[in-house]
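Below: the structure, in structure tokens.
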Amino acid sequence: MKFPSIFQIARFWKVFSPTEKKLFLAFFVLFLLSGSFLFWDIFFHKTQKVPDFGGKLREGVLGSLNSLNPLYSFYSEVDETVVDLIFCSLFESTKEGKVVPSAAKNYQVLEQGKVFEVELRDNLFWEDKKKLDAEDVIFTVKLLQNPKVQSPWRKVYSSLDVEKISDKKIRFVLKEPDILFLENLQFKILPRHVLEKIPPQEIFFSEFNEKPIGCGKYKLKKVKKDKKGKVRELVLERNKLYFGKKPYLDEIHFLFFDAKEQLEKAVKKGKIDGFLDYFSGKKFNHFSEVEYSLPKFYGLFLNLQNPLLKETQIRQAMAFLVDKEKILKEVFEGKGEVVSSPLLPEFFGQDLPSFGFSFDPQKAKEILEKLGFSLSSQNVWEKEVKKERFEFKRDLKLGDRGEDVIKLQECLGIEANGIFGEKTKKAVIEFQERYKEEILKPQGLEKGTGQVAGLTRAKLNQICFPQTSEKFQLKFQLVTLDEPKMVKVAQIIKDDFESNGIKIEVRKFDLATLEREILPQKKYDLLLFGENLGLLQNIFPFWHSSQAQEFGLNLSNYQNQEVDFLLESYKKEVDEEKRREIVKKIQEILTKEVPSIPLVAAKERYFLHPKIKGNCGGKILSSSKRFVGIVDWFEKEKRKILWKEVFRK
């Protein structure tokens with residue numbers, strides 16, 4: 001069959017009769033309508049929106065940037081946030097709160113957690129296209145340990161031995177087994193080929209701190225500074241050599257502000273797409289709220305060195321006097337949850353303790369009354385307690401020696417040499433005859449025997465060491481951080497306690513003073529503070545008795561041999577289910593003995609513009625980890641044809 005020429009096609013309309021022309025037009029319109037319907041049916045029902053590469057996130061940050069070197073980012077969440085995006089690590093946390101291999105391909109835990117062997121991935125490159133291998137990892141650990149580098153991370157890795165097995169395998173050896181050390185293998189790897197040329201003591205001042213070479217999801221594109229040299233904007237761009245899933249967003253812009261008012265103004269002008277909740281209680285209508293859970297809680301730690309706080313029942317009574325729901329509602333605006341245990345079973349998906357302490361002043365009153373306390377005229381619980389005193393508890397006679405002989409000689413007013421000789425015997429006889437009505441006559445004696453026994457001993461105790469007593473009042477000093485939320489919580493606790501007979505003095509300190517002067521020596525009765533257990537629930541340093549000392553993290557000075565044994569077993573146990581059982585046992589003991597009163601676990605809020613979508617939120621170690629799911633955040637979208645739907649009958 002011969003195809004019509006262009007001339008013939010051009011003339012075909014003229015050969016149609018009027019009726020044929022109408023029919024043709026009708027069929028042609030029907031064809032267009034059917035085609036359009038088919039197109040839109042395929043477009044809407046046979047395709048779906050999926051994330052596409054492109055777009056950017058502009059984050060507003062309150063604070064300043066100091067260093068982009070992971071060696072020195074420990075004390076700054078601003079630095080940590082950016083460093084986390086530029087550098088990679090052997091392991092990383094997921095939004096589900098798990099610690100999983102990242103630059104590591106796989107790993108083995110040996111000798112009950114004393115040895116960790118890690119194998120690297122194949123496709124690891126620095127952003128300058130140099131290969132990343134085991135030498136970089138070992139070099140990083142050595143830098144972290146080197147005192148000349150002055151990294152605050154040194155205390156974490158100081159006792160770690162690291163060995164090269166091959167170009168892709170590394171062995172980490174601990175002094176003691178610790179299965180939870182896996183979380184510490186999230187340190188950021190540094191480029192040996194760049195930093196080995198710099199003397200360790202000069203790294204702190206090196207150009208690398210401002211122009212890093214990383215291996216992470218993003219790399220540094222540009223930095224804008226003001227006239228004073230302060231960073232005002234930092235731009236990261238996608239690292240095309242990143243070994244993992246590439247993030248959809250092309251760029252992340254960090255804009256730095258000195259004051260909340262400046263940041264809020266920028267938000268209202270539409271210059272910001274995301275920011276942390278620096279504005280307690282404020283709402284931003286054009287932003288969605290993203291919530292993050294942290295393995296952190298705020299609690300009231302009771303210093304068991306205080307004689308009154310050594311009494312478990314007093315601590316239990318105090319636990320009944322804290323209104324946790326009120327704290328959550330009035331201070332944290334309901335954003336978070338009341339905590340039942342200092343081991344955070346809510347966060348880690350574990351069983352709650354079998355009992356707890358709700359706000360119940362009546363129960364507290366009953367406990368204190370059973371202990372012999374009564375309310376004074378000043379509405380403070382008080383109790384008269386006999387003071388401890390020395391007592392003669394054994395019979396003493398000629399020839400005896402010891403500390404009690406010295407006490408006897410001091411009591412009788414003679415030379416105290418600790419030997420019961422003739423002089424001591426004579427003095428005892430004189431004492432007996434002086435109180436013969438009470439000592440000798442009841443025994444039918446006229447003269448003293450010179451021996452300390454029975455009635456003689458009782459009279460000596462009465463005369464020399466009279467029983468005295470003193471009144472103890474439930475008065476405590478509460479120490480906390482001088483920060484608005486902590487001060488509000490402290491005031492609620494003070495009000496709760498004082499309205500129920502416990503006097504509280506609140507003392508506030510800045511963080512530097514707390515860490516330098518208060519916490520190391522535990523100079524407090526009650527401490528209102530936050531505690532972060534880490535993503536692997538590392539509870540050992542907070543409750544083992546070895547940490548109940550100067551500079552230890554056992555904030556309550558709590559000591560319990562059974563808990564110590566369980567904690568030591570916990571560090572060595574590889575099986576996760578068995579570790580859960582150990583935690584459950586420890587939790588029951590701590591809940592019953594109340595060395596601390598856990599209060600609330602607050603949520604971290606992040607405001608995000610609706611144009612940025614993706615799987616946001618999750619469980620994070622700290623706010624600096626808020627970009628844990630950044631590879632799934634996106635601004636651009638495209639349509640993807642669902643071929644199975646297209647060809648489905």
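The values are calculated or read from the model by the stated rules, or taken from the named source; none is laboratory data. Keep in mind the model is a prediction, meaning the values are calculated, not measured. With ideal geometry, Cβ positions are generated from the backbone for all residues, glycine too; neighbour counts draw on all protein chains shown. Quick note on the areas: whole protein, heavy atoms, side chains included, nothing else; ligands and nucleic acids left out. Shrake-Rupley method; radii C 1.70, N 1.55, O 1.52, S 1.80 Å.
Quick rundown of the values:
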read-out: Residue that is surrounded by the most Cβ atoms within 10 Å (Cβ to Cβ), among those in segment 237-256 that are over 18 Å from residue 51 (Cβ atoms) and of a type in the set (A, V, I, L, M); value: 255
read-out: Residue list for segment 598-619, restricted to those being more than 30 Å from residue 322 (Cβ to Cβ) and either of a type in the set (A, V, I, L, M) or in a loop (DSSP other than H, G, I, E, B) (or both); value: 608, 609, 610, 611, 612, 614, 615, 616
read-out: Hits in segment 599-609 - residues which are open to solvent by 10 Å² or more (accessible area, probe 1.4 Å) and at pLDDT 95 or above; value: 609
read-out: From 172, 116, 181, residue being crowded, with 20+ Cβ neighbours inside 10 Å and either in a loop (DSSP other than H, G, I, E, B) or within 20 Å of the chain's Cα centre (by Cα) (or both); value: 181
read-out: Single condition residue 290 does not satisfy, out of (1) modelled with pLDDT of 95 or more; (2) in a strand (DSSP E or B); value: (1)
read-out: The listed residue being in contact (Cβ under 8 Å) with a residue 40 or more places away in the chain and buried (at least 18 other Cβ atoms within 10 Å of the Cβ), out of 208, 204; value: 208
read-out: Residues located in segment 260-275, provided they are under 28 Å from the mean Cα position of the chain (by Cα) and either at pLDDT below 95 or open to solvent by 40 Å² or more (accessible area, probe 1.4 Å) (or both); value: 260
read-out: Residue check, residue 336 on the phi > 0 side of the Ramachandran plot and without any contact (Cβ under 8 Å) to a residue 40 or more places away in the chain; value: no
read-out: In segment 542-560, residue modelled with the highest pLDDT [restricted to those that are of a type in the set (A, V, I, L, M, F, W, C), part of a loop (DSSP other than H, G, I, E, B) and under 17 Å from residue 309 (Cβ atoms)]; value: 555
read-out: Subset tally (residues that are out of contact with any helix residue (DSSP H, G or I) (no Cβ under 8 Å at 6 or more places or on another chain) and either at pLDDT 95 or above or exposed (fewer than 14 other Cβ atoms within 10 Å of the Cβ) (or both)) for segment 502-521; value: 11
read-out: Members of segment 397-452 found to be assigned to a helix (DSSP H, G or I), β-branched (Val, Ile, Thr) and under 60 Å from the mean Cα position of the chain (by Cα), listed by number; value: 405, 406
read-out: Options 405, 385: the member that is within 19 Å of residue 310 (Cα to Cα) and touching a strand residue (DSSP E or B) at 6+ places or on another chain (Cβ under 8 Å); value: 385
read-out: Residue list for segment 411-458, filter: crowded, with 18+ Cβ neighbours inside 10 Å and among the basic types (Lys, Arg); value: 425, 457
read-out: Given (1) crowded, with 21+ Cβ neighbours inside 10 Å; (2) assigned to a helix (DSSP H, G or I); (3) touching a helix residue (DSSP H, G or I) at 6+ places or on another chain (Cβ under 6 Å), number of the condition residue 318 does not satisfy; value: (3)
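So that you can scan it fast, the table gives a plain yes or no per residue for (1) small (Gly, Ala, Ser); (2) modelled with pLDDT of 95 or more; (3) farther than 17 Å from residue 462 by Cα; (4) touching a Leu at 6+ places or on another chain (Cβ under 9 Å):
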| site | (1), (2), (3), (4) |
| --- | --- |
| 404 | no, no, no, yes |
| 410 | no, no, no, no |
| 413 | yes, no, no, no |
| 416 | yes, no, yes, yes |
| 433 | no, no, no, yes |
| 439 | no, no, no, yes |
| 446 | no, no, yes, yes |
